[in-house]
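Working notes for the structure below.
The values are calculated or read from the model by the stated rules, or taken from the named source; none is laboratory data. Just so it is clear, the model here is predicted, and its values are computed rather than measured. Glycine also receives a Cβ, built like all others from the backbone with ideal geometry; neighbour counts cover every protein chain displayed. Ligands, DNA and RNA are stripped out before the accessible areas are found, and what is left, the full protein with its side chains, is counted by its heavy atoms. Shrake-Rupley method; radii C 1.70, N 1.55, O 1.52, S 1.80 Å.
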Amino acid sequence: MLSVLTSPCAVCPGAPAEDDSPAAYANFNFQLPKKQISMVPDMGKWKRSQAYADYIGFILTLNEAVKGKQLTCAYPCSETVKKLLSLLGTLDRWIDETPPVDQPSRFGNKAYRTWYAKLDQEAETLVSDILPSNLSAAAPEIAVYLKEAVGNSTRIDYGTGHEAAFAAFLCCLCKVGALRVEDQLAIIFKVFDRYLQVMRKLQKTYRMEPAGSQGVWGLDDFQFLPFIWGSSQLIDHPTLEPRHFVEEKVVNEHHQDYMFLECIKFINEMKTGPFAEHSNQLWNISAVPTWAKVNQGLIRMYKAECLEKFPVIQHFKFGSLLSIQPVKP
């Protein structure tokens, strides 16, 4: 899979080549994505689908790209990346403009629905602003993943399914050629990292519930992907070993360089009590001898606990870019 994806022309399988004319995009018959997994037996369709192959390929390609690299390393920052950061900055500003309301229940502040309604209304325009003019027809399809990526406005919750929608959003931008292979590091270190900041602000401001939380038995209440990519960053680190991430001093010294440690820092800020009690799975991971083994184990866990779980995938939406059609042999 990786050899297919790390070709010089694309970050994502099925993306057009560098020298493709706008006519190359005619292959995509853009459509509004919709749910296709309505029963547990449908999960087989998902695992055989082009969408699954593209999505997991995208995750693994980026996992390889960030291996051994710090958040603060040098990398190019394209116009599309700058526009994505501007979009996320807009979402952040809207939080400031939509303060929580007084309400009896502590969790799930209803002001989130006001914030979400603004995104629901503006998403297509925000996405159009990112895309080249010849790709404007893709905006309605890609905007659906952006709207899915920030939580559920009915339940006022957020979880790994929403995070997956943001990865799908980025994957779609790669498939249409708006993001390219030279953007790989910026996709994670700039765009995804900024997305995490905005999601943490949403979670704190509106006291969002974790969607489908497994409590202390889950990896984290809200995120998964930054632990995968963050552990890849730490592979072959000369001094930092998995056992060190439970030490607050180490986290405080190195969190600006490593996404994994950023996640641990946020957990430490939000939770009280012994780490082994509130984050049991992560505590167990700290006993794994190498970051390479942590990374492999997290990828297996992500597939099993997120991508192969019906309660998560029943919400995933399929269109022309992430298709439910089976992978062509």
Find the residue count for segment 225-250, including only residues that are part of a helix (DSSP H, G or I), of a type in the set (A, V, I, L, M, F, W, C), open to solvent by less than 10 Å² (accessible area, probe 1.4 Å) and closer than 18 Å to PRO289 by Cα.
4
Suppose we filter ALA168, ALA123, ALA143 for residues that are farther than 19 Å from SER78 by Cβ, among the aliphatic types (A, V, I, L, M) and without any contact (Cβ under 8 Å) to a residue 24 or more places away in the chain; which single one remains?
ALA143
Return yes when CYS77 is over 20 Å from PHE318 (Cβ atoms), surrounded by fewer than 17 Cβ atoms within 10 Å (Cβ to Cβ) and at pLDDT 95 or above and no when it is not.
yes
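Based on this model, can you work out whether ASN280 counts as under 22 Å from TYR158 (Cα atoms) and surrounded by fewer than 21 Cβ atoms within 10 Å (Cβ to Cβ)?
Numbers: under 22 Å from TYR158 (Cα atoms): yes; surrounded by fewer than 21 Cβ atoms within 10 Å (Cβ to Cβ): yes.
Spelling it out, ASN280 is indeed under 22 Å from TYR158 (Cα atoms) and surrounded by fewer than 21 Cβ atoms within 10 Å (Cβ to Cβ).
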Please list, ordered by first then second residue, the pairs with beta carbon atoms under 9 Å, 6 or more apart or interchain, first in segment 232-257 and at positive phi and touching a residue at least 24 places away in the same chain (Cβ under 8 Å), second surrounded by fewer than 19 Cβ atoms within 10 Å (Cβ to Cβ) and hydrophobic (A, V, I, L, M, F, W, C).
ASP236/ALA292
Residues of segment 43-74 that turn out to be without any contact (Cβ under 8 Å) to a residue 12 or more places away in the chain and either surrounded by 21 or more Cβ atoms within 10 Å (Cβ to Cβ) or of a type in the set (D, E, K, R) (or both), as a count
0
Top-ranked residue in segment 32-58 [being over 13 Å from ALA168 (Cα atoms) and of a type in the set (Val, Ile, Thr); ranked as nearest to the chain's Cα centre (by Cα)]:
ILE37
Go through segment 130-164 and count every residue that is within 15 Å of the chain's Cα centre (by Cα) and not in a helix (DSSP H, G or I).
5
If I go through segment 283-329 residue by residue, how many of them are basic (Lys, Arg) and open to solvent by less than 40 Å² (accessible area, probe 1.4 Å)?
0
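Quick one: which helices (runs of 4 or more DSSP H) sit completely within segment 256-327 and have at least 2 residues that are over 30 Å from PRO41 (Cβ atoms)?
Numbers: elements: 259-270, 275-278, 280-285, 291-302, 310-313.
Counting at least 2 such residues, we get 259-270, 275-278, 280-285, 291-302.
Looking at segment 83-116, which of its residues are open to solvent by 50 Å² or more (accessible area, probe 1.4 Å) and not charged (D, E, K, R)?
Passing the criteria: SER86, PRO99, PRO100, VAL101, PRO104, SER105, PHE107, THR114.
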In segment 181-200, anything more than 18 Å from ALA165 (Cα to Cα) and among the acidic types (Asp, Glu) is listed as GLU182, ASP183
What are the residue pairs meeting all of these: first residue in segment 300-329, first residue closer than 20 Å to CYS172 by Cβ, second residue open to solvent by less than 40 Å² (accessible area, probe 1.4 Å) and assigned to a strand (DSSP E or B), Cβ atoms under 8 Å, and 6 or more apart or on different chains?
PHE318/SER49; SER323/SER49; ILE324/SER49; ILE324/PHE318; GLN325/SER49; PRO326/SER49; VAL327/SER49
Looking at VAL101, VAL150, can you tell me which residue is farther than 19 Å from PHE192 by Cα and of a type in the set (Val, Ile, Thr)?
VAL101
Yes or no: segment 199-214 includes at least one residue that is among the polar types (S, T, N, Q), open to solvent by 30 Å² or more (accessible area, probe 1.4 Å) and more than 29 Å from LEU146 (Cα to Cα).
no
